[in-house]
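Report on the structure given below.
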Amino acid sequence: MRGAWLIVEEKRVRVVIAEDSVLLREGLTRLLTDRGHEVVAGVGDGDELVTTIRGLAGESSLPDVVVSDVRMPPTHTDEGLRACVQLRKEYPRLPVLVLSQFVEEQYATELIAGSSRGVGYLLKDRVAEVREFTEAVVRVAEGGTALDPEVVAQLLGRSRKQDVLAGLTPREREVLGLMAEGRTNSAIARSLVVSDGAVEKHVSNIFMKLGLAPSDGDHRRVLAVLTYLNS
């Protein structure tokens, strides 16, 4: 039993939950704490989420991950997601996992566009197992991604062909895979033991082959990663 407890402790993360339904918020809290994680705060609206995170930041005690609903008071539209977008701008390294019943495309794209690291968007009705959810929380907290395929499909557009990666070389696919892990060009170069210039050339070729024009700006990297995740 002692060994099993140590395994849980190694994966323990500190979580802030933003959910206006008290029952669901308490349920998520119990679910996470039962698995050894620490819920440092639970809030019921977007403004309270922002205030709570700023307070924790002031104490040098940011959580490992924020788990937030999209629809919260006062209008129950997109307050939670907008709060997450704002927090990512203020604290770019703050991992955020959105748990919602629908896809809010504009702010979902903006949330992911800030960085492909430490971000997730899961649809509540499509989370089949508790373990699947808790693993997603830990993965996002550790800087990974957790994107529901339905979310990816909507952000890319349902008419996009499924074979869009067919034109990439094996090395370009490898580079794109590392991009999907949130690695910078320099980190990719170190991983593949190649020069930064070689990686930049591969990335440029990937953008070209996926039809992502320079006018797409910073969103090109995010769109390329979403294409990879949807393939």
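Which one is surrounded by the most Cβ atoms within 10 Å (Cβ to Cβ), of the residues in region 202-231 that are among the hydroxyl-bearing types (S, T, Y) and either at pLDDT below 70 or out of contact with any helix residue (DSSP H, G or I) (no Cβ under 8 Å at 6 or more places or on another chain) (or both)? That would be S231. Within region 81-90, take every residue that is surrounded by fewer than 22 Cβ atoms within 10 Å (Cβ to Cβ) and among the charged types (D, E, K, R) and give me the one that is nearest to D45 (Cα to Cα). Only one residue fits best here, namely R82. Of V96, V43, all but one fail to be closer than 21 Å to E129 by Cα and among the aliphatic types (A, V, I, L, M); the exception is V96. Being charged (D, E, K, R), in a loop (DSSP other than H, G, I, E, B) and surrounded by 15 or more Cβ atoms within 10 Å (Cβ to Cβ) is a property that holds for R117.
Is it the case that R30 is among the charged types (D, E, K, R), under 21 Å from V138 (Cβ atoms) and free of Cβ contacts under 8 Å to residues at least 60 places away in the same chain? Judged against the criteria, R30 is a match. The single condition among (1) surrounded by fewer than 17 Cβ atoms within 10 Å (Cβ to Cβ); (2) among the acidic types (D, E); (3) at pLDDT below 90 that D78 does not meet is (1).
Within region 31-66, the set of residues being in contact with a Phe, Trp or Tyr (Cβ under 9 Å, 6 or more places away or on another chain) and of a type in the set (V, I, T) comprises just one member, I53. In the set R160, R126, only one residue is modelled with pLDDT under 85, touching a Pro at 6+ places or on another chain (Cβ under 9 Å) and surrounded by fewer than 19 Cβ atoms within 10 Å (Cβ to Cβ); that residue is R126. Every condition in (1) out of contact with any Leu (no Cβ under 7 Å at 6 or more places or on another chain); (2) modelled with pLDDT of 90 or more; (3) not polar (S, T, N, Q) is met by L87 except one, and the failing one is (1).
When the criteria are applied in full, L31 fails the requirement of being at pLDDT 95 or above and either touching a helix residue (DSSP H, G or I) at 6+ places or on another chain (Cβ under 9 Å) or surrounded by fewer than 23 Cβ atoms within 10 Å (Cβ to Cβ) (or both).
Can you work out which of the residues in region 172-201 that are among the polar types (S, T, N, Q) and over 17 Å from T145 (Cα atoms) is modelled with the highest pLDDT? Show your work before the answer.
Looking only at region 172-201, we keep the residues that are among the polar types (S, T, N, Q), and these are 184-186, 191, 195.
Narrowing further to those that are over 17 Å from T145 (Cα atoms): 185-186, 191, 195.
Values: N185: 91, S186: 91, S191: 90, S195: 94.
Looking at residues that are among the polar types (S, T, N, Q) and over 17 Å from T145 (Cα atoms), I get S195.
Checking each residue in region 38-67 for being surrounded by fewer than 20 Cβ atoms within 10 Å (Cβ to Cβ) and among the acidic types (D, E) picks out E38, D45, D47, E48, E59.
Just to be sure, is V70 within 18 Å of L32 (Cβ to Cβ), buried (at least 24 other Cβ atoms within 10 Å of the Cβ) and at pLDDT 90 or above?
Numbers: within 18 Å of L32 (Cβ to Cβ): no; buried (at least 24 other Cβ atoms within 10 Å of the Cβ): yes; at pLDDT 90 or above: yes.
In short, no.
The values are calculated or read from the model by the stated rules, or taken from the named source; none is laboratory data. Source: prediction; values computed, not measured. Don't worry about glycine lacking a Cβ; one is built from the backbone with ideal geometry, like all the others, and counts go over all protein chains shown.
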